[in-house]
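Novice: Okay, handing you the structure first.
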Amino acid sequence: MQTVLRVVSTKTEAKKSTFLCFLCPICEFKALHERLKAEHPKAAHVVWALRERNGYGQIVENQSDDGEPKGTSGQPSLNALRGAQLVNSGALIVRYFG
């Protein structure tokens, strides 16, 4: 398993939408999520996924589509974290339509 040590971001465009993507350590996830919601009030969605170890060493996962059709954004984001074998990390995607 791997983890992220600092926040990294990228911007991409697809199907007339702009996506701002962030990968962060779990300790910065909540603050980054709140900051992105405040900084991008006109964004259509702020999708997220996270994976972290709990006190028993188990991997706990969670995700949110944030209003996107169920299973179309949060789950694929979580699958990307799984595929990269990331733990104690979170992904957030800000989406602007058109």
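Derivation of every value follows stated rules applied to the coordinates shown; laboratory data play no part. Computed from a prediction, not measured in an experiment: that's the story for all the values here. Heads up, the Cβs are rebuilt from the backbone with ideal geometry, glycines too, and the neighbour counts pull from every protein chain shown.
Novice: Size of the stretch 17-97 along its principal axes in angstrom, Cα-based, largest extent first?
Specialist: For the stretch 17-97, the Cα spread along each principal axis is 40, 24, 18 Å.
Novice: OK, next. Can you tally the net charge around SER89? Count Lys and Arg as +1, Asp and Glu as -1, for every other residue whose Cβ sits under 14 Å from the Cβ of SER89.
Specialist: Values: positive: ARG6, LYS30, ARG51, ARG53, ARG82; negative: GLU28, GLU52, GLU61.
Within the 14 Å Cβ shell, the charges total +2.
Novice: Treat each spin label as a single point 7 Å out from the Cα along the C-beta direction, and report the ALA80 to VAL7 distance in nm.
Specialist: Output for this residue pair reads 1.7 nm.
Novice: Would you list, by chain and number, the aspartates and glutamates whose Cα falls below 20 Å from the Cα of LYS16, excluding same-chain residues fewer than 8 positions away?
Specialist: ASP65, ASP66, GLU68
Novice: Something else: I need to check one value: relative contact order of the chain, counting alpha carbon pairs closer than 8 Å and at least 6 residues apart, in percent.
Specialist: On the way: 202 pairs, mean separation 37.9, N = 98.
Computed value for the chain: 39 percent relative contact order.
Novice: Against the longest alpha carbon principal axis of the chain, how many degrees, from 0 to 90 and to the nearest 10, is the axis of helix 74-83 turned?
Specialist: 40 degrees
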